[in-house]
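As structure tokens, the structure follows; a few thoughts come after it.
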Amino acid sequence: MLEFDYQKPETLDELIHTLGQDGSCIIAGGTDVIPRMRHNLIQATTVVDISRLTELSFIQQDQNQIRIGALTTHQALVDSSLVQTTNPALTSAAASVGCRQTRHRGTLGGNIGNASPAADTIPALLVFDAQVYLLGEAGKRQIGLVDFILGPGKTQLYAGEIIHSISYAPFDGAWGAAFQKLGKRNGMAIAVVSAAAAIQLDGQGHVREARLALGSVAPTVVRSPKAEAILLGQVPTPEVLKRAADAVSADISPISDIRSSAAYRQHAAKILANRALTVAFEQTRGKLS
Ligand SMILES: Cc1cc2nc3c(=O)[nH]c(=O)nc-3n(C[C@H](O)[C@H](O)[C@H](O)COP(=O)(O)OP(=O)(O)OC[C@H]3O[C@@H](n4cnc5c(N)ncnc54)[C@H](O)[C@@H]3O)c2cc1C
């Protein structure tokens, strides 16, 4: 039987003080933490439940940034018109997490804090160059999501810190963003491969910005600089999109595990990249001024 202290702070100040103690583990929705505790994969002396900190649950626009609190649930992301209009890839990614119960309990901060290469929201945030805001006794700091995640289950979070919020800058003009996921089933399945794409066109219909991220094909979710370079400055015809999608092979290093072989992931990554780019490009139609 697991034995630990259980704390449920009411305020951020109380939380930061509680986290100063050694051996503490944050629990938000608990959809990752509880199964891991049951399998003895987490040995915490103190479990700090942050679910009462409603001030960490918000989706808002601050000038040209969308800011999302760490305790925002996947269902709240799905239901948000602000997320849908500024990052439809994130809406799709949140909608694909687990089942209805998982989406109502699981949080954005937990999905990032868990640092899984298969986390659905991470590709959709990486293609928006998202920033992570961290809060601890020493104050606040900001770090790019791409730098925050170091490997499976490993982040740049210091002891005593929490993920406070995540932000991204929306595109303007002719742009689109999409998320695609391949699992063993359509629902309740962790990604075998996932891909998110964001494309912005200039006034002549050439690609001004191209961002492509892939999940479950490397120790962390990765961007594909090779694919992005192929797209820049081009008119995104189906041939160009396919050439870019095929180039992801050079930027990924999939492994074989219980869900798939490495060879299948290599193959599927190109297909999902192509689908994500194609859907993102389709969203730019009618937006060219
Ligand atoms: C049945 C089931 C299906 C699932 N399907 C999917 C899926 O399809 N796609 C997917 O991506 N995930 C899936 N998951 C995993 C999980 O639901 C998500 O990762 C979820 O977003 C985790 O959020 P949580 O609030 O439950 O995190 P928790 O379990 O509470 O925490 C997860 C980790 O993040 C840390 N943490 C949480 N909040 C913070 C914070 N604010 N600051 C610092 N650290 C923090 C915790 O200490 C822990 O290490 C599934 C889980 C289950 C049980």
| field | Unique match (being open to solvent by less than 60 Å² (accessible area, probe 1.4 Å), in contact (Cβ under 8 Å) with a residue 24 or more places away in the chain and closer than 25 Å to Ile112 by Cα) among Leu201, Leu182 | value | Leu182
| remark: Of the residues in the stretch 21-67, those that are within 11 Å of the ligand (Cβ to nearest atom), over 21 Å from the mean Cα position of the chain (by Cα) and among the acidic types (Asp, Glu) come to Asp49
| request: Quickly run through the stretch 144-162 and pick out the residues that are within 9 Å of the ligand (Cβ to nearest atom) and open to solvent by 20 Å² or more (accessible area, probe 1.4 Å). | output: Gly153, Thr155, Leu157
| request: Determine if the stretch 259-267 includes at least one residue that is open to solvent by less than 50 Å² (accessible area, probe 1.4 Å), among the hydroxyl-bearing types (Ser, Thr, Tyr), touching a residue at least 60 places away in the same chain (Cβ under 8 Å) and part of a strand (DSSP E or B). | output: yes
| field | Selection status of Gly187, outside any strand (DSSP E or B) and within 11 Å of the ligand (Cβ to nearest atom) | value | yes
| remark: Of the residues in the stretch 144-175, those that are on the phi > 0 side of the Ramachandran plot and in contact with a Gly (Cβ under 9 Å, 6 or more places away or on another chain) number 2
| query | Out of curiosity, is Ala119 outside the structural domain of Arg275 (by TED's automatic domain parsing) and either closer than 26 Å to Arg100 by Cα or buried (at least 24 other Cβ atoms within 10 Å of the Cβ) (or both)? | reply | yes
| request: Pull up the stretch 38-82, narrow it to residues that are aliphatic (A, V, I, L, M) and over 23 Å from Glu161 (Cα atoms), then point me to the one that is surrounded by the most Cβ atoms within 10 Å (Cβ to Cβ). | output: Leu77
| note | When every residue in the stretch 268-289 that is over 21 Å from Gly183 (Cα atoms) and open to solvent by 70 Å² or more (accessible area, probe 1.4 Å) is compared, the one farthest from the chain's Cα centre (by Cα) is Ser289
| message | Can you tell me how many residues within the stretch 83-106 are touching a residue at least 60 places away in the same chain (Cβ under 8 Å), within 7 Å of the ligand (Cβ to nearest atom) and either open to solvent by less than 10 Å² (accessible area, probe 1.4 Å) or in a loop (DSSP other than H, G, I, E, B) (or both)? | response | 4
| query | For Ser167, which of the numbered conditions (1) open to solvent by 20 Å² or more (accessible area, probe 1.4 Å); (2) polar (S, T, N, Q); (3) outside any loop (DSSP other than H, G, I, E, B); (4) within 25 Å of Gln65 (Cβ to Cβ) fails to hold? | reply | (1)
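The values are calculated or read from the model by the stated rules, or taken from the named source; none is laboratory data. A quick note: this is a predicted structure, and the numbers were derived from the prediction, not measured. Counting neighbours? That spans all protein chains shown, and the Cβs are built from the backbone with ideal geometry, glycine included. Note: areas computed on protein heavy atoms with side chains; ligands, DNA, RNA excluded. Shrake-Rupley method; radii C 1.70, N 1.55, O 1.52, S 1.80 Å.
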